[in-house]
1. So, in segment A:28-49, exactly how many residues are surrounded by 12 or more Cβ atoms within 10 Å (Cβ to Cβ) and touching a helix residue (DSSP H, G or I) at 6+ places or on another chain (Cβ under 8 Å)?
2. Select from segment B:13-32 the residues that are part of a helix (DSSP H, G or I) and over 16 Å from residue A:82 (Cβ atoms) and write down the one among them that is nearest to the other protein chains (Cβ to nearest Cβ).
3. What is the residue count in segment A:63-81 for residues that are surrounded by 18 or more Cβ atoms within 10 Å (Cβ to Cβ) and either part of a loop (DSSP other than H, G, I, E, B) or away from chain B (no Cβ under 11 Å) (or both)?
4. How many residues are touching a residue at least 12 places away in the same chain (Cβ under 8 Å), more than 19 Å from residue B:38 (Cα to Cα) and not in a strand (DSSP E or B) if we restrict to segment A:3-30?
5. Using the structure shown, decide if residue B:41 is under 20 Å from residue A:93 (Cα atoms), more than 10 Å from chain A (Cβ to nearest Cβ), within 17 Å of the chain's Cα centre (by Cα) and at pLDDT 90 or above.
């Protein structure tokens, strides 16, 4: 079984005083999201644990589906998943994605013609998610 | 923020997402430095942190390159969509998803 990812992608810079500075990056876009203060610890692993727990993880969104740690820009807050697992959907769709009918007025949750859910939030297991 | 007409629910939602750093509008305003990973403005040509040349494409272009898109209006669509929810265009069959590596 694949082990769950513990931190976002990172680079470590060691300074002359024995401290380490960690730079954490978004797992999708590679955006630099956090640069930690210099951290003193016996090993790099111990320093990483402190850096991640005290500073790094607060700057990221964790995708429960794929385990990636991503920046806010790469996170779909509506679905609670990263954008690789759930791309942004039109929150106020003008057409039904399944039958193509034009939606009038306030956007309903489901298509009035075919019954398809209009926002699938990356959870549509198969074609035609009908409620 | 003045370009938004906040009288509509859609525009208000866009501004809220932008304020918290989420959503397509945020991605359109960002470029990621391929050298140091710093987020720069979409109008920048060089990284404000390390001076490296920035790519011409924004974070939104990078996002689109990883998803199935509508050939009509260009928005990303889900893999199950048969019609574009924005413009109503009939979409080609799913499964032609272009995936690229991370920007850095």
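1. Residues in segment A:28-49 being surrounded by 12 or more Cβ atoms within 10 Å (Cβ to Cβ) and touching a helix residue (DSSP H, G or I) at 6+ places or on another chain (Cβ under 8 Å): 8 in total.
2. The selected residue is B:13.
3. Number of matching residues: 6.
4. Residues flagged as touching a residue at least 12 places away in the same chain (Cβ under 8 Å), more than 19 Å from residue B:38 (Cα to Cα) and not in a strand (DSSP E or B) within segment A:3-30 amount to 7.
5. Judged against the criteria, residue B:41 is not a match.
The values are calculated or read from the model by the stated rules, or taken from the named source; none is laboratory data. Only a predicted model underlies this, so the values are computations on that prediction, with no experimental measurement involved. Neighbour counts run over all protein chains shown; Cβ positions are idealised from the backbone, glycine included.
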